[in-house]
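No lab work stands behind these numbers, since they all come straight from the coordinates. Computed from a prediction, not measured in an experiment: that's the story for all the values here. For neighbour counting, all protein chains shown are included, and Cβ atoms are generated from backbone atoms with ideal geometry for every residue, glycine included.
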Amino acid sequence: MKEFHWPLFVFPLPIATCSSHGSSSDIPSGQALRRSGRLFGALGSWNRPALWIRLILTGIVAAAIIRELPREISRWYLAAAREQSVDLNDHGALERIDRAIDWSRDDYSLYLIRAAWRLQAKQPDGSLADCNQAIRLAPADRRGYELRWQVHMVLGHVEPAMADVQVLVERAQQAYQESKTPAHRFRYAESLNARAYGRALSNQKLELAIEDINLAFGVLESEDLYSLRDTRGYLYFLTGNYQAARKDLDYAVRQGRIAYSIEMDMLNQPERTVSIDRQLRFETRSRKEGLAVLFYHRGLLHERLGYERKAKEDLHTALEYGYDPSRGIW
């Protein structure tokens, strides 16, 4: 945080002094005393309580403004950064959020935002540094671990990635056991899905990963969530259960496309403003990246089964929609 220093105001007041020699020149003249009298008369209001109260309140307000000014400037830069992000200008977004952090270095949420944007811009090392700082500042916030395990995977750090996922599972499980609210159910299932997918990406403990997904479905009391069906379908593919994999992956792609169409229809209104158009472009990229993973997994299955045309179509769509492991889109 940039430092501010109070200015030192010096008010020159006439002071009557007498030297040890008693020189008459050290004694104020009548004219000087009259000037001093007028000055102190003008300043006589300093003795009034109401004025002191106003001065104290003014000082408190000024101190509050100066204390909050860096955060306010940081918010301005963050707003500008978000504008650049919506316009799909990754460089401009990063440039402005750097300035936001310069003005508010203790705001962990800014590091999380920059970490996500750096990963999007293929800067995983910088993203990891931001995740680490966010977790140092707010170790209780799960979002730092949710992003960091993915960054670790991009960098090939399997053990640290799975350690972060384990933190997510343990915390979510404890919260779920204490209170089985819909939010806690979903978060616990989501953490189990993360651990299962991490195992799929690292190709280890695949049977345990399938158990995680099935446990997640049990927590949700439903198998409708297509993101989890995609994970299980991919795990079935990796373990050679192609019939079960096809069932889950076809479902995931079908439901994913339906969800995408509904979301785009909500944004794609006949009468759109420039602001809505910009937001639509941003949301379209984000949603397509989610779909890209679904198509990629099914494309791998079609390729394995010898369905060359279907495999080519799915894998082409995955790349067109933004499938890119170097950005954590896998």
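Structure above, values below:
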| read-out | value |
| --- | --- |
| Calculated Rg and Dmax of the range 157-222 using C-alpha coordinates, Å | 11.6, 34 |
| Relative packing of 176-182, 229-235, 245-251, which averages over residues the other C-beta atoms within 10 Å, highest first | 229-235, 245-251, 176-182 |
| Cα gyration tensor category, rounded, prolate or oblate, for the range 191-311 with a/c compared to 1.5 | prolate |
| Rg/Rg_ref, the range 56-138, where Rg_ref = 2.2 N^0.38 Å and atoms are Cα | 1.25 |
| Leading residue at positive end of dipole, the range 56-138 (Cβ point charges), from Leu112, Ala134, Pro70 | Ala134 |
| Net charge of Cβ neighbours under 10 Å - reference Glu263; Lys, Arg +1; Asp, Glu -1 | -1 |
| Pairwise FRET efficiency - Arg75 versus Ala140, Cβ, R0 = 25 Å, nearest 0.05 | 0.60 |
| For the range 69-189, fraction of C-alpha pairs farther apart than 18 Å, in % | 57 |
| About the Cα centre, charge dipole magnitude for the range 157-222 (Lys/Arg +1, Asp/Glu -1 at Cβ), debye | 120 |
| Prolate/oblate/rounded label for the range 143-259 (Cα gyration tensor, a/c 1.5) | oblate |
